[in-house]
1. Look at Q108 and say whether it is among the polar types (S, T, N, Q), farther than 16 Å from A192 by Cα and modelled with pLDDT of 90 or more.
2. Of the conditions (1) modelled with pLDDT of 85 or more; (2) farther than 22 Å from L120 by Cα, T100 satisfies every one except a single condition; which number is it?
3. Please enumerate the residues belonging to the stretch 105-114 that are within 17 Å of A139 (Cβ to Cβ) and either surrounded by 11 or more Cβ atoms within 10 Å (Cβ to Cβ) or not aliphatic (A, V, I, L, M) (or both).
4. Do we find that S151 is at pLDDT below 90 and assigned to a strand (DSSP E or B) in this structure?
Amino acid sequence: MSLKQDKQAALQALSQRWQALSPREQRLMSFGAALLVVMVVWLAALAPALRTVREVPAQQAVLDAQWQQLKDLQSQAQTLQQQPRITQTEALRALQSSTTEHLGNSAQLQTLGERSTVTLKAVPAPALASWLAQVRTQARAVPVQAHLQRSAASDMATTGPEAKATNPSSANAPIALNTIMWSGSVVLSLPAP
């Protein structure tokens, strides 16, 4: 027997079985087959498309936020490129001023040639972030290496310049219990002479 004959025999057996069913059973089988076809079409074509349509607004919001962040970074880069060049001496003065202003006694600055190493001791995270942004824009110093360790403030007793770094308006304000502190060193590259 060939494949074609097997196929015809199977179709003939199905046709005979179909004819043997009562009209009610035929309707039920037709309805079941139609329901099965609708379910397969739904699962294979419509459900994934509808899921994609539902997820698009959230994905669009994420992409818009990323796009805005890139535009902000581009704007910052263009601003930095447009700033006039400063000498190494001016950059060092700006770095010292910023370090004293933002980090107080929590940081020690050592300079050797075009590199400055700032040793940090329990510096609040907001003060460190603010300081890094300021030295990048004002001193044109670029961080080239950082070895930092994270810790939490141990108590409310910390006051003085460290607290001033967190809240410059209050020289003796306590640091909150859950403030993240950083210790370690940051190596900065100053503009070439």
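1. Details: among the polar types (S, T, N, Q): yes; farther than 16 Å from A192 by Cα: yes; modelled with pLDDT of 90 or more: yes.
Yes.
2. Only one criterion is unmet by T100, namely (2).
3. At the first step, the residues of the stretch 105-114 found to be within 17 Å of A139 (Cβ to Cβ) are 107-114.
Hits for the stretch 105-114 are A107, Q108, L109, Q110, T111, G113, E114.
4. Values: at pLDDT below 90: yes; assigned to a strand (DSSP E or B): yes.
Yes.
The values are calculated or read from the model by the stated rules, or taken from the named source; none is laboratory data. Note that the structure is predicted; figures quoted are calculated from it, not measured. Note: ideal-geometry Cβ built from the backbone for every residue, glycine included; neighbour counts use all protein chains shown.
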